[in-house]
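Q: Shown below is the structure under consideration.
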Amino acid sequence: MESALKNGNWVRLLGLVLLAVVLSGCVSTPGTSFEPVSSVNLDDQLASGQLQQKAKTLYVLLDASSSVADKYQGAGFSGSPAPTEFAVEKEILRQLNQNLPAGLELTAALRSFGSLSCNDWQYTRLLYGPAAYRKSGFEEGLARAECASGVTPIARAIRAAAGDLQSTPAPIALLILSDGEDPLGDPVAAMKDLVAQYGDKLCVYTVAVSGDATDAATLAQIAEAAKCGASFTAADIASGASMANFVKAMLLTEVGDSDGDGVPNSQDLCPDTPAGVPVDEKGCPRDSDGDGVTDDKDKCPQTPEGIRVNEYGCWVGGSVLFDFDKTDIRPDALPLLNEVVDILKEHESTRLEIQGHTDSVGPQGYNLKLSQRRAEVVREYLIAHGISPDRLIAKGYGESDPIASNDTPEGRARNRRVIFVPVE
């Protein structure tokens, strides 16, 4: 140091130190105390032959980049302080480690990816294995992932896995926990290369800890690149029972299909689905329109993606209200109508039935015609703002479907309305 100062290099030395601190980007994640989750003992099922081991290697890629330092926004995994995505990743692996049956003859490995100081200034590093699986050894490897920093090089980690897996027995279950970001490469292409190398010996499973739909879609594409596997969110495996089912899906085979939904118990995350309910590849009730309401409860199964729905899966964007015995569009209805125009332009395949309604004042026949005129006025407004006529059906229902009491002025005002219902 004295020599550096004498040579006038102290400024440069100080600058390098400061630069290292700035570039490290290491996110120190305070320990989160998670609410306890009960484990499901799978050892007895394995010992009795009800479960059989299908994978001989469990290979885990853990996202330790700065992007997973964001606060976790999904369901489950509540704790104090509020956990980051990185903390949730580690909690998932801790629970996974606790749920693995002692009777498994398994090779395991844990590799993190990120960059800068939290990853020993590497893009990816081995934390454990590949070695014969030991709970304590895996736990020690997980403890080495102390923080998250740098970019998210998923593709590099997948390519590093190609070398690690050369010495491991097949079948292989490869698990990736991440938010799905990768600004440095193409993780889907990297996975396709890995699948080309290992073929049907490799099954890929991903767990998305981010609430971002685009990032989750990237992880789903990574899983879909393999001939077997599945994509999950952290919320999918937040309970003890769902974690046990997750372990089964990756590593074990269970004879039978207890709920008769066509998904084997070993892959079924919802093993108690009622008979006749359509399910997805995870054995859980299907949600075809992605509105958060499963098909068996969805009374409006064609709802466009991204719009607000009620508990029945129907559009709750609001009603166009009318004055008594009028068909004029009021100024306060324009924001809603313009929102409908925007949604229809964004979802060009969506068709609407524009339903007109009235209160109960006056003859039923007159009210039926009045409701039809109201529906047609709204349809004409949408057409005038660029929506194709063949996507819009105007239908009047008269006074037959009130949503409030017709015995009060306030209730009658709510019943004089036009609503929008997506149709096939």
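Q: For the structure I just gave you, tell me whether residue 277 is part of a loop (DSSP other than H, G, I, E, B) and either in contact with a Gly (Cβ under 9 Å, 6 or more places away or on another chain) or not hydroxyl-bearing (Ser, Thr, Tyr) (or both). Talk me through it step by step, then tell me what you get.
A: Numbers: part of a loop (DSSP other than H, G, I, E, B): yes; either in contact with a Gly (Cβ under 9 Å, 6 or more places away or on another chain) or not hydroxyl-bearing (Ser, Thr, Tyr) (or both): yes.
So residue 277 fits the description; yes.
Q: Could you check region 335-424 for strands (runs of 3 or more DSSP E) lying wholly inside it with 2 or more residues that are among the small types (Gly, Ala, Ser), closer than 18 Å to residue 319 by Cα and open to solvent by less than 40 Å² (accessible area, probe 1.4 Å)?
A: Strands (runs of 3 or more DSSP E) meeting the threshold: 392-396.
Q: Kindly indicate the residue of region 208-234 that is open to solvent by 40 Å² or more (accessible area, probe 1.4 Å) and among the acidic types (Asp, Glu) and also farthest from residue 57 (Cα to Cα) among those meeting that condition.
A: In this case the residue turns out to be 212.
Q: Where residues in region 61-83 are charged (D, E, K, R) and more than 24 Å from residue 251 (Cβ to Cβ), which of them is surrounded by the most Cβ atoms within 10 Å (Cβ to Cβ)?
A: Our first condition is that a residue be charged (D, E, K, R); within region 61-83, this holds for 63, 70-71.
Filter again for more than 24 Å from residue 251 (Cβ to Cβ), leaving 70-71.
Numbers: 70: 17, 71: 12.
Ranking the qualifying residues of region 61-83, first place goes to 70.
Q: Also, I was wondering about something else. Sort out which residues of region 170-207 are surrounded by 19 or more Cβ atoms within 10 Å (Cβ to Cβ), of a type in the set (Gly, Ala, Ser) and at pLDDT below 95, and write them in order of number.
A: 180, the sole residue that qualifies.
Q: Further question on the same structure: Only residues in region 100-111 that are over 9 Å from residue 56 (Cα atoms) count as the first member; pair them with residues that are open to solvent by 20 Å² or more (accessible area, probe 1.4 Å) and basic (Lys, Arg), Cβ under 9 angstrom, at least 6 apart or cross-chain, and list the lot.
A: 100/135; 102/135; 110/144; 111/125
Q: Still on this structure, please answer the following. Collect the residues in region 235-257 that are open to solvent by 30 Å² or more (accessible area, probe 1.4 Å) and of a type in the set (Gly, Ala, Ser), keeping them in residue-number order.
A: Across region 235-257, the qualifying residues are 235, 239, 241, 256.
Q: For the condition in contact with an Asp or Glu (Cβ under 6 Å, 6 or more places away or on another chain), modelled with pLDDT under 85 and not charged (D, E, K, R), what is the one hit in 306, 313, 317?
A: Matching residue, one of 306, 313, 317: 313.
Q: Tell me the residue from 274, 363, 331 that is farther than 18 Å from residue 380 by Cβ and either modelled with pLDDT of 90 or more or more than 34 Å from the chain's Cα centre (by Cα) (or both), please.
A: Sole residue among the options that is farther than 18 Å from residue 380 by Cβ and either modelled with pLDDT of 90 or more or more than 34 Å from the chain's Cα centre (by Cα) (or both): 363.
Q: Closer than 18 Å to residue 126 by Cα and without any contact (Cβ under 8 Å) to a residue 12 or more places away in the chain - does that describe any residue in region 171-187?
A: Taking region 171-187 as the starting set, the residues that turn out to be closer than 18 Å to residue 126 by Cα are 172-178.
Going one step further and asking which of them are without any contact (Cβ under 8 Å) to a residue 12 or more places away in the chain, we end up with none.
No.
Q: To continue, here is another question. Condition first: surrounded by fewer than 23 Cβ atoms within 10 Å (Cβ to Cβ), in contact with a Ser or Thr (Cβ under 8 Å, 6 or more places away or on another chain) and of a type outside the set (D, E, K, R). Now tell me which residues in region 37-60 satisfy that.
A: The answer is 37, 52, 53.
Q: Still on this model: Inspect all residues belonging to region 145-166 and state whether any of them is assigned to a strand (DSSP E or B) and open to solvent by 10 Å² or more (accessible area, probe 1.4 Å).
A: There is no residue in region 145-166 that is assigned to a strand (DSSP E or B) and open to solvent by 10 Å² or more (accessible area, probe 1.4 Å).
Q: Would region 202-211 turn up any residue that is farther than 23 Å from residue 115 by Cα and not in a strand (DSSP E or B)?
A: The answer is no; no qualifying residue exists.
Q: I've got another one for you. Collect the residues in region 92-135 that are polar (S, T, N, Q) and either within 25 Å of residue 76 (Cα to Cα) or outside any loop (DSSP other than H, G, I, E, B) (or both), keeping them in residue-number order.
A: 95, 97, 98, 99, 107, 112, 117, 119, 124, listed by residue number.
The values are calculated or read from the model by the stated rules, or taken from the named source; none is laboratory data. Predicted model only: the values in this text are computed from it and were never measured. Note that we place each Cβ from the backbone using ideal geometry, even for glycine, and neighbour counts take in every protein chain shown. The protein model used for the area step is the full one, side chains on, heavy atoms only, and it has no ligands, DNA or RNA in it. Shrake-Rupley method; radii C 1.70, N 1.55, O 1.52, S 1.80 Å.
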